[in-house]
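These notes are about the structure you will find just below.
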Amino acid sequence: MPGNPATTDRKETCPLFSEFALHERLLKGLEALSFETPTPVQTAAIPPAIAGDDLHVIAQTGSGKTAAFVLPLLQRLIEAEGQPTAPRALILLPTRELARQIISEVQLFAKFTFIKAELITGGEDFKVQSAKMRKGPDIIIATPGRALEHLAANSLDLSAIEVLVLDEADRMLDMGFTEDVMKLANACPATRQTLLFSATKGNAALQRVVEQVQRTPRLLQLSTVRDDTPAITQQVIPVDDQPHKEALLKWLLTNQSEAKAIVFTNTRIMADRLNGVLRAMDMRVYVLHGEKDQKDRKLAVERFKQGGTGVLVATDVAARGLDIDELDLVINFDMPRSGDDYLHRIGRTGRAGAEGLAISLVAPHEWNLMCSIERYLRRQFERRIVKEVPNSFKGPKKVKASGKPVGSKKKKDDKKKDGKNRPKSAKPAAKRKPARAPSGQVVTSSDGLAPPKRRS
Ligand code: AMP
């Protein structure tokens with residue numbers, strides 16, 4: 001477990017864990033972990049969750065949100081006697097890696113209790129999982145697909161669930177699990193408590209799920225981009241093309257990371273390619289993407305976590321929610337497709353109060369996308385040039401107030417002319433979806449224009 005994200009001044013204003021109505025066995029577990037001061041999300045969520053309220057909490061990974069739902073959940077299981085034969089709590093998460101991470105945290109928090117948790121994720125033996133469930137665990141931590149399979153096979157009984165947690169709910173829905181989540185929620189008793197956590201406000205689909213699975217939930221919005229990323233320096237380096245990106249990547253990994261780094265790509269093919277490129281440099285490299293089999297993914301994460309240094313090349317889905325100590329550098333080799341993906345990626349560093357550096361390598365064709373992400377986050381990334389790997393593209397020469405290059409949109413007159421000259425058979429170009437409007441922004445203030453200076 002990494003160090004305490006609590007700052008010294010927070011100590012003066014925040015309560016201590018011992019001030020919450022937590023069982024002494026849980027306090028003992030916290031003491032063993034050297035957790036003294038709750039993080040803001042824990043301060044906000046633990047008391048109403050203990051009181052039994054449904055909560056919709058908007059908080060980033062790295063904010064301490066796991067303890068914010070695990071502690072009240074354990075408290076409830078300790079306090080009230082339940083049906084010993086069926087699980088009493090279900091925690092649903094989007095990925096296997098995240099599920100494994102959460103179960104180890106649950107086990108640490110529950111160390112001095114008799115509460116048992118089991119993991120149900122894809123990629124593991126179904127029969128072995130069924131056998132584990134027959135042993136009567138109190139908590140099930142699962143990815144939705146496999147949980148539903150067990151429900152259909154009657155090896156998972158949700159009739160005694162008292163607390164349902166949907167962690168990283170926004171991502172779970174993005175990954176197409178909406179229907180599975182709804183089915184699982186409907187199989188739990190209507191009287192259950194539902195705690196829903198998302199890193200972003202989410203879209204209409206998330207709102208619909210909230211309405212259907214929760215009873216007048218309290219909305220706790222803790223996460224704003226500015227609050228959550230103050231320790232992360234965010235930079236953009238304009239690049240010419242793919243070979244230039246690779247040259248920069250090698251330079252950055254050699255010169256900018258003293259510990260561990262993650263490199264994000266948009267495709268599995270690119271992740272595999274970079275794996276080869278970096279291995280040829282004798283680096284300790286691990287790859288994580290959806291096409292790797294479960295055993296390899298597990299091994300990659302474990303080895304990467306254990307070593308003091310190394311590089312993990314990953315696609316978004318595979319690296320979601322990973323909590324890795326001493327991760328000081330995130331590189332967006334490809335620009336992420338949305339502001340939310342950007343936030344999730346850079347959130348891998350600067351965790352638990354540590355400093356982090358996030359660098360995006362932006363080719364000319366990605367410049368508009370990068371500007372849309374800046375607008376979405378209401379933040380301007382620091383522009384940077386690496387002298388040692390010179391580039392000719394320095395960003396567009398003339399930019400509009402939005403930061404996009406002048407001339408990136410056709411003038412009305414041109415459009416008319418195009419229409420007149422276009423052969424009758426040719427169809428007009430399909431309308432492009434507009435970049436995401438700033439309406440879904442997580443930040444309400446726009447003064448994050450000068451990111452903190454950290455390294456040159
Ligand atoms: P999470 O957002 O739950 O993934 O937590 C991020 C990291 O902060 C994890 O490694 C936690 O173990 C750690 N952490 C969470 N809450 C506290 C706390 N109150 N004191 C110290 N460390 C914490």
Quiz prompt | Cα pair distances in region 192-301, grouped into 5 Å bins until the bin that holds the longest one, percent each | solution = 2, 8, 13, 14, 12, 13, 14, 10, 7, 4, 1, 0
Exercise. Go through region 194-206 residue by residue and turn each phi into a ³J(HN,Hα) via Karplus (6.51, -1.76, 1.60, θ = phi - 60°); whole Hz please, and just put x for glycine and proline.
Key: 10, 10, 10, 10, 9, 7, 10, 5, x, 10, 4, 4, 5
Exercise. For residue 120, enumerate residues with amide H under 5 Å from its amide H, sequence gap 5+ or separate chain, H modeled in the peptide plane.
Key: 141, 142, 143
Quiz item: Listed here are the pairs 116/305; 201/260; 201/292; 201/305; 245/298; which of them are more than 27 Å apart at the Cα?
Solution: 201/260; 201/292; 201/305; 245/298
Self-check item: Normalised convex hull volume, region 232-383, alpha-carbon set, Å³ per residue
Solution: 102 Å³
Quiz item: So how much accessible area does residue 305 have, in Å² to the nearest 10, using a 1.4 Å probe?
Solution: 80 Å²
Exercise. Would you pull out the residues with amide H under 5 Å of residue 328's amide H, same chain only if 5 or more places away, H placed 1.01 Å from N?
Key: 259, 260
Practice problem: Could you calculate, for region 10-221, the ratio of the Cα radius of gyration to the Kirkwood radius, expressed as Rg to Rh? | Solution: 0.94
Quiz item: So what J values fall out for region 214-219 if you push phi through Karplus, 6.51 cos²θ - 1.76 cosθ + 1.60 with θ = phi - 60°, rounded to Hz, Gly and Pro as x?
Solution: 10, 10, 5, x, 7, 9
Practice problem: With a 1.4 Å probe and every protein chain kept in, tell me what percent of the accessible surface of region 10-221 is carbon plus sulfur. | Solution: 50 percent
Exercise. For region 232-383, give the magnitude of the charge dipole about the Cα centre (Cβ charges: +1 Lys/Arg, -1 Asp/Glu; no others), in debye to the nearest 20.
Key: 260 debye
Quiz item: Just for the Cα atoms in region 106-183, what are the lengths along the principal axes, largest first, rounded to whole Å?
Solution: 36, 26, 25
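The values are calculated or read from the model by the stated rules, or taken from the named source; none is laboratory data. Keep in mind that this is a model prediction, so the values were computed, not measured. Using ideal geometry, Cβ is built from the backbone for each residue, glycine included, and neighbour counts are taken over all protein chains shown. For accessibility, only protein heavy atoms count, side chains too; no ligands or nucleic acids. Shrake-Rupley method; radii C 1.70, N 1.55, O 1.52, S 1.80 Å.
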